[in-house]
């Protein structure tokens, strides 16, 4: 679970209204949530669970609170993890990377050829008590 400790804390990309919060790593789990804002309203949200598995720290997103599929780690580097599930429609890969001490980049990818698409959010560290 040390591989995901770099994600701990609160992160925000104000231009696109995204805020993420990740708990400190416990013995076998890390939890988190995302909020997508438009103006003063939350328009979408997601819970995240990272569990210890034989393959390493696995990510299970819960969009709007509903369990999705599990994504297994396929690449782990210092301050970077890539999770993948090629059976899922989109995304098929979820990537978190701390590119600087106070910058966390989240990226989703999926599809092939002309159907390939991705989304990326560059977030700054923020005080967990602020919006």
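The values are calculated or read from the model by the stated rules, or taken from the named source; none is laboratory data. Only a predicted model underlies this, so the values are computations on that prediction, with no experimental measurement involved. Here Cβ is always computed from backbone atoms with ideal geometry, including for glycine, and neighbour counts include all displayed protein chains.
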Check your understanding: Just wondering, is there one or more residues in segment 108-115 that are at pLDDT below 95, more than 11 Å from the chain's Cα centre (by Cα), exposed (fewer than 11 other Cβ atoms within 10 Å of the Cβ) and under 23 Å from residue 5 (Cβ atoms)?
Key -> no
Exercise for review: Give the residue that is modelled with the lowest pLDDT, with candidates limited to residues of segment 32-76 that are more than 20 Å from residue 1 (Cα to Cα) and outside any strand (DSSP E or B).
Suggested key: 67
Point to revise | Condition met for residue 124 (surrounded by 17 or more Cβ atoms within 10 Å (Cβ to Cβ), under 15 Å from the mean Cα position of the chain (by Cα) and at pLDDT 95 or above) | key: no
Exercise for review: Within segment 64-103, work out how many residues are within 17 Å of residue 120 (Cα to Cα) and either in contact (Cβ under 8 Å) with a residue 60 or more places away in the chain or surrounded by 13 or more Cβ atoms within 10 Å (Cβ to Cβ) (or both).
Suggested key: 16
Check your understanding: What is the one condition in (1) farther than 21 Å from residue 123 by Cα; (2) touching a residue at least 24 places away in the same chain (Cβ under 8 Å) that residue 55 does not satisfy?
Key -> (2)
